[in-house]
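The values are calculated or read from the model by the stated rules, or taken from the named source; none is laboratory data. These numbers come from a predicted model, not from an experiment. Cβ placement follows ideal geometry from the backbone for every residue including glycine, while neighbour counts extend to all protein chains displayed. Side chains are part of the model used for accessible areas, which takes the heavy atoms of the whole protein and leaves out ligands, DNA and RNA. Shrake-Rupley method; radii C 1.70, N 1.55, O 1.52, S 1.80 Å.
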Amino acid sequence: MGFFSTILGFCGFGVGLSTGLVVGYYLFIYFQPCDVKDPDIRPLVEHDSQSLQQLLPEIPLWVKNPDYDRVDWLNKFLEVMWPYLDKAICKTAKNIAKPIIAEQIPKYKIESVEFESLTLGSLPPTFQGMKVYLTEEKELIMEPALKWAANPNVTVAVKAYGLKATVQVVDLQVFAQPRITLKPLVPSFPCFANIFVSLMEKPHVDFGLKLLGADLMSIPGLYRFAQELIKDQVANMYLWPKTLEVQILDPAKAMKKPVGILHVKVLRAMKLRKKDLLGASDPYVKLKLTETKAPSKKTTVKHKNLNPEWNEEFSIVVKDPETQALELIVYDWEQVGKHDKMGMNVVPLKELPPDEPKVMMLDLLKNMDPNDNQNDKMRGQIEVELTYKPFKEEDLPKDSENPGEVQKAPEGTPAGGGVLVVTVHEAEDVEGKHHTNPYVRINFKGEERKTKQLKKNRDPRWEEEFTFMLEEPPVKDRLHVEVLSTSTRIGLLHPKETLGYIDISLADVVSNRRINEKFHLIDSKNGRIQIELQWQTS
């Protein structure tokens, strides 16, 4: 009986399998799903900008957005300089980190924290594009799009309770869009006083972390937790409008303007010490003011003379007579090699009476250290005549009218609100398919304003101003500006056409108070429009 059951079982399995295959094949061939549509295949030129960005997410910003400029030269510069920048950045990072670590480790009973290795790797960051804001202010605003897939080797050794643990950071990826503001711009190198850095959006940070050779990021949940924690911490510190400020120059000193002229007459020197083994010295005088980048002034060389007379006059611009001083250094000229220093002295300008000549006999010293015994040796004397002439009130250099000054809002402006002033200056290279008689239409919060129409003009200039009174700052609003053209002929098939448009976020206008910029028009081949925006408060 068992034998027959087995035979029947095998037969049933064979019949069922065969029947299933036949039925499945029949259904697959003769029954097609009716809800599946053929994909819509179109050329790339027929896609809108949003569809193209979804299809090609890795396109550089300078391709997708006309406001971003291509910066291949900067990427090439980083590629060549990266081996040197790597060492310089790592050295600076160590110097900054050491005092911070020394201050923090006693709180956690840690014996030491040391860098066993610190290098950023061989792959430099790349800039996908850069946007520059022209605000007509004494500032430069840049927004680079940064991508960095690095291969760093950062190894930190931590010692505590007699044990040592090694933590290694590898495979770092950083995608960020910072805003870098250089302001104020000053007439002293490097020509800006401060650097302000902030992030326009949360950065993407990805990295590997190894502890004792094991990959910590492989622990379930830790990778996402660490990534989100870093994003939130960085965003809390530097997400716009919060900034990291780095001072480069003292703005007060950098922006100081001339207040007078110092007239210096180098008369003579006496009893100079002999510097040359054979014959007398060949002295000359170098003079300059402290706290200035202006080059030094020099007298002529008096050959083979230890009691030279020059009677040469110089004029030097003075910016701060209370802190600046005149520095006089006598050198022995050499035809070959370095010129030997014979002595020096310094005259503070605050010791000079205004508009009165003062003749001074100064002892030459080795340096200006009062505790240096070498200054007791006799090195000779130098005689000078100094006259400080401060500018009169009418002679003081005056600033030209500041074009970036923002006026106050008129009376009647709502408390906490303000007035948005929109000035339409001009446009460039706007051209319609059928006619080019441009005018500008502005839409904001349901209100519409228009400029006058200019006939047959590809580079129109309007210089028209519009105002919008608001009860609160428009930090989340956008201004729609559209350039249109209408036909002047009756009965034309195309009476109106769009020459281009832009949507301007007003958050930057509120924070900067004023923006004056040329914008690339969307849906225009080469068209640009210059718009000035001011946010006036009472």
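With small (Gly, Ala, Ser) and modelled with pLDDT of 90 or more as the only criterion, which of 500, 491 stands out?
After ruling out the rest, the residue left standing is 500.
Pairs only if they're at least six apart or on different chains, beta carbon under 6 angstrom, first in region 326-337 and over 16 Å from residue 262 (Cβ atoms), second small (Gly, Ala, Ser); list them, first residue then second.
330/343; 332/281
Would you call residue 199 modelled with pLDDT of 75 or more and either among the small types (Gly, Ala, Ser) or surrounded by 12 or more Cβ atoms within 10 Å (Cβ to Cβ) (or both)?
Yes: the conditions hold for residue 199.
Out of 109, 87, report the one residue that is surrounded by fewer than 11 Cβ atoms within 10 Å (Cβ to Cβ) and either more than 30 Å from residue 514 (Cβ to Cβ) or not hydrophobic (A, V, I, L, M, F, W, C) (or both).
Only one candidate qualifies: 109.
Do you know which of the residues in region 405-458 that are under 19 Å from residue 509 (Cα atoms) and among the small types (Gly, Ala, Ser) is modelled with the lowest pLDDT?
So, considering only residues that are under 19 Å from residue 509 (Cα atoms) and among the small types (Gly, Ala, Ser), the one modelled with the lowest pLDDT is 409.
Checking the condition hydrophobic (A, V, I, L, M, F, W, C), modelled with pLDDT under 85, under 30 Å from residue 104 (Cα atoms) and open to solvent by less than 40 Å² (accessible area, probe 1.4 Å), which residue from 214, 193, 165 passes?
165
How many residues, within region 287-325, are over 18 Å from residue 387 (Cα atoms), buried (at least 17 other Cβ atoms within 10 Å of the Cβ) and touching a residue at least 40 places away in the same chain (Cβ under 8 Å)?
Residues that pass the stated criteria total 2.
Open to solvent by 50 Å² or more (accessible area, probe 1.4 Å), under 42 Å from the mean Cα position of the chain (by Cα) and at pLDDT 90 or above: which single residue out of 263, 339 fits that description?
So the residue among 263, 339 that is open to solvent by 50 Å² or more (accessible area, probe 1.4 Å), under 42 Å from the mean Cα position of the chain (by Cα) and at pLDDT 90 or above is 263.
Out of the residues in region 100-133 that are over 30 Å from residue 70 (Cβ atoms) and among the hydroxyl-bearing types (Ser, Thr, Tyr), state the one that is modelled with the lowest pLDDT.
Looking at residues that are over 30 Å from residue 70 (Cβ atoms) and among the hydroxyl-bearing types (Ser, Thr, Tyr), I get 108.
Considering region 128-145 alone, what residues qualify as being touching a Pro at 6+ places or on another chain (Cβ under 6 Å) and open to solvent by 40 Å² or more (accessible area, probe 1.4 Å)?
Once the filter is applied, which keeps residues that are touching a Pro at 6+ places or on another chain (Cβ under 6 Å) and open to solvent by 40 Å² or more (accessible area, probe 1.4 Å), region 128-145 yields 128, 136, 138.
Could you tell me how many of the residues in region 112-123 are surrounded by 19 or more Cβ atoms within 10 Å (Cβ to Cβ) and in contact with an Asp or Glu (Cβ under 8 Å, 6 or more places away or on another chain)?
Total meeting the criteria: 1.
Considering only region 427-459, how many residues are within 13 Å of residue 479 (Cα to Cα), in contact with a Phe, Trp or Tyr (Cβ under 8 Å, 6 or more places away or on another chain) and open to solvent by 20 Å² or more (accessible area, probe 1.4 Å)?
3
Within region 373-391, take every residue that is in a loop (DSSP other than H, G, I, E, B) and open to solvent by 40 Å² or more (accessible area, probe 1.4 Å) and give me the one that is nearest to residue 283 (Cα to Cα). Break it down into steps so the answer makes sense when it comes.
Of all residues in region 373-391, those in a loop (DSSP other than H, G, I, E, B) come to 377-380, 391.
Narrowing the set further to residues that are open to solvent by 40 Å² or more (accessible area, probe 1.4 Å) leaves 377-378, 391.
Details: 377: 19, 378: 16, 391: 34 Å.
For region 373-391, the residue satisfying everything is 378.
Hey, can you tell me all the residues within region 452-478 that are on the phi > 0 side of the Ramachandran plot and not charged (D, E, K, R)?
none
Looking at region 356-366, can you tell me whether even one residue there is open to solvent by 50 Å² or more (accessible area, probe 1.4 Å), in a loop (DSSP other than H, G, I, E, B) and in contact with an Asp or Glu (Cβ under 8 Å, 6 or more places away or on another chain)? Talk me through it step by step, then tell me what you get.
Keep residues of region 356-366 that are open to solvent by 50 Å² or more (accessible area, probe 1.4 Å), which gives 356-359, 361, 363, 366.
Those still in the list that are in a loop (DSSP other than H, G, I, E, B) too: 356-357, 366.
Now drop any that are not in contact with an Asp or Glu (Cβ under 8 Å, 6 or more places away or on another chain), which leaves 357, 366.
Yes, region 356-366 has at least one match.
Please go through region 105-126 and pick out each residue that is assigned to a strand (DSSP E or B) and within 20 Å of residue 75 (Cβ to Cβ).
126
Kindly check whether there is at least one residue in region 464-485 that is modelled with pLDDT under 90, over 16 Å from residue 427 (Cβ atoms), surrounded by 14 or more Cβ atoms within 10 Å (Cβ to Cβ) and among the basic types (Lys, Arg).
no
Checking the structure you have, find out if any residue of region 266-284 is modelled with pLDDT of 80 or more and under 21 Å from residue 323 (Cβ atoms). Talk me through it step by step, then tell me what you get.
First pass over region 266-284, keeping only residues modelled with pLDDT of 80 or more: 266-273, 281-284.
If we keep only those that are under 21 Å from residue 323 (Cβ atoms) as well, we get none.
No, region 266-284 contains no residue that is modelled with pLDDT of 80 or more and under 21 Å from residue 323 (Cβ atoms).
Might you let me know whether region 359-368 holds any residue that is polar (S, T, N, Q), under 30 Å from residue 321 (Cα atoms) and at pLDDT below 90? Write out each step before concluding.
Here is the first cut: in region 359-368, the ones polar (S, T, N, Q) are 367.
Restricting the remaining residues to those that are under 30 Å from residue 321 (Cα atoms) gives 367.
Remaining after also requiring at pLDDT below 90: 367.
Looking through region 359-368, at least one residue is polar (S, T, N, Q), under 30 Å from residue 321 (Cα atoms) and at pLDDT below 90.
Which of the numbered conditions does residue 503 fail, given that it passes all the others? Conditions: (1) more than 29 Å from residue 183 (Cβ to Cβ); (2) part of a strand (DSSP E or B); (3) open to solvent by 40 Å² or more (accessible area, probe 1.4 Å); (4) free of Cβ contacts under 8 Å to residues at least 40 places away in the same chain.
So the condition that residue 503 fails would be (1).
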